[in-house]
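> Once you've had a glance at the structure underneath, I'll fire off some questions.
The values are calculated or read from the model by the stated rules, or taken from the named source; none is laboratory data. If you're wondering where the values come from, they're calculated on a predicted model, not measured in any experiment. Surface areas here come from the heavy atoms of the whole protein model, side chains and all, with no ligands, DNA or RNA. Shrake-Rupley method; radii C 1.70, N 1.55, O 1.52, S 1.80 Å.
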Amino acid sequence: MPARRHAGRWISVDFLNSATTAPRDMIDPFGRAVTYLRVSVTDRCDLRCVYCMSEHMTFLPKKDVLTLEELDRLCSAFVAKGVRKLRLTGGEPLVRKNIMSLVRSLSRHLKTNDLDELTLTTNGNHLEEFAGELFDCGVKRINVSLDTLNEAKFRAITRWGDISKVFGGLEAAKRAGLAVKINAVALKGVNEDEIEDIVRWAHGQGFDMTLIETMPLGDIEGDRTDQYLPLSQVRARLAGKLTLEDIPLKTGGPARYVLIKETGGRLGFITPMTHNFCESCNRVRLTCTGTLYMCLGQTDAADLRAPLRASESNDLLYAAIDAAIGRKPEGHDFVIDRDTLRPAVARHMSVTGG
Ligand code: SAM
Ligand code: SF4
């Protein structure tokens, strides 16, 4: 594949030629290079996790949602501008109709080395069907969200989920050769007594694991201060039972990792509420309507759908992306307001994809 050096990177000539204006890399006002794009391919989901959605969610009208071809064009524009890692998320990415056609199409950037990683975050419900094809498309590792090992608790957290489908999906992922990281949200009074068991189970399966604090995103018909469990507490409790050794693992994400001596597995802690991880932020988030959020914890956003649809050339799109990156804020300031109990950010995680 012929390649040319562009903005300090090797890019295939075909790919560069597809851009009418040679795109510039994305460096924000604080000198951070944006190399990671998370894309919520749908706001819909087949579950209703209590901390994520209200039971009766109003989803976006289909006409506002980008087509898979438009999502492909947008993602590819970001790849041309220096994104090296793409994560598809949602809502539940695997409920979007024909989602595998997008995965397969985006995988061309892996083949040309314009992209290092294509991955996804899923609730695991449909993995049994898609694990093999994902691996076939060059997906090497995936994140699967699972907050409990208990069938009844799983049903309560997700409002109607069936945990056996997730276990079936995880088996399929293993068979297919996908590396798995289990993401669990730490929930006060719900799974806090189970966290050690989940860690031992995940590591026993050969999975990495990350614990996440609940973030105050969107109305959920409940009291978020009831759910919030600081990971500092979880870590202190775990340290009483297991040997945690800090390791300098950098995955390009906000997690801080420890190695658990007893299991030989890795455990990450994502603590947006108790620890500010913004200084090394390398990511932006795109919604399924083409809105770009430069920070998960801020409301400022840029509309990329209008420039995308306005012209077949990518010039307007690149200009809109540059303007957006030029406004990427230094960081967030999540607060769960104890007086009003209102979320700090009104949009749900399923809009921006976490
Ligand atoms: N449906 C997929 C899933 O559950 O993995 C992908 C989308 S989901 C929004 C992505 C991640 O965000 C999940 O791990 C979920 O647990 C987490 N999440 C959702 N709402 C959250 C909140 N308010 N605080 C912290 N994590 C949240
Ligand atoms: Fe759906 Fe994922 Fe939100 Fe649960 S966390 S409701 S699975 S989008």
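> If ligands, DNA and RNA are left out, what is the accessible area of residue 203 with a 1.4 Å probe, given in Å² to the nearest 10?
20
> Turning to a different aspect of this structure: Of all accessible surface on segment 20-133 at a 1.4 Å probe, what whole percent is carbon and sulfur? Write out the running numbers ahead of the final one.
Details: 2350 of 4440 Å².
The value for segment 20-133 is 53 percent carbon and sulfur by accessible area.
> Taking 2.2 N^0.38 Å as the expected size of a compact globular protein, what ratio does the Cα radius of gyration of segment 97-243 give against it, to two decimals? Working shown, then result.
Working: Rg = 16.8 Å, N = 147, 2.2 N^0.38 = 14.7 Å.
That works out to 1.15 for segment 97-243.
> Compute the separation of the alpha-carbon centres of segment 60-138 and segment 233-250 and state it in Å as a whole number.
Taking the Cα centre of each part, segment 60-138 and segment 233-250 sit 33 Å apart.
> Additional query: Which entries of 81/174; 181/241; 62/174; 111/153; 188/250; 63/153 show an alpha-carbon separation above 31 angstrom in the structure shown?
Working: 81/174 33 Å; 181/241 22 Å; 62/174 34 Å; 111/153 42 Å; 188/250 28 Å; 63/153 36 Å.
Beyond 31 Å between Cα atoms: 81/174; 62/174; 111/153; 63/153.
> For residue 97 and residue 310, calculate 0.36 nm times their separation in residues minus their Cα-Cα distance, and state this gained length in nm to one decimal.
On the way: separation 213, 0.36 × 213 = 76.68 nm, distance 2.53 nm.
Difference between extended and current length: 74.1 nm.
> Which of rounded, prolate, oblate describes segment 127-187, given a ≥ b ≥ c as roots of the alpha-carbon gyration tensor eigenvalues and a/c under 1.5 marking rounded, otherwise prolate only if a/b is larger than b/c?
Cα axes put segment 127-187 in the prolate bin.
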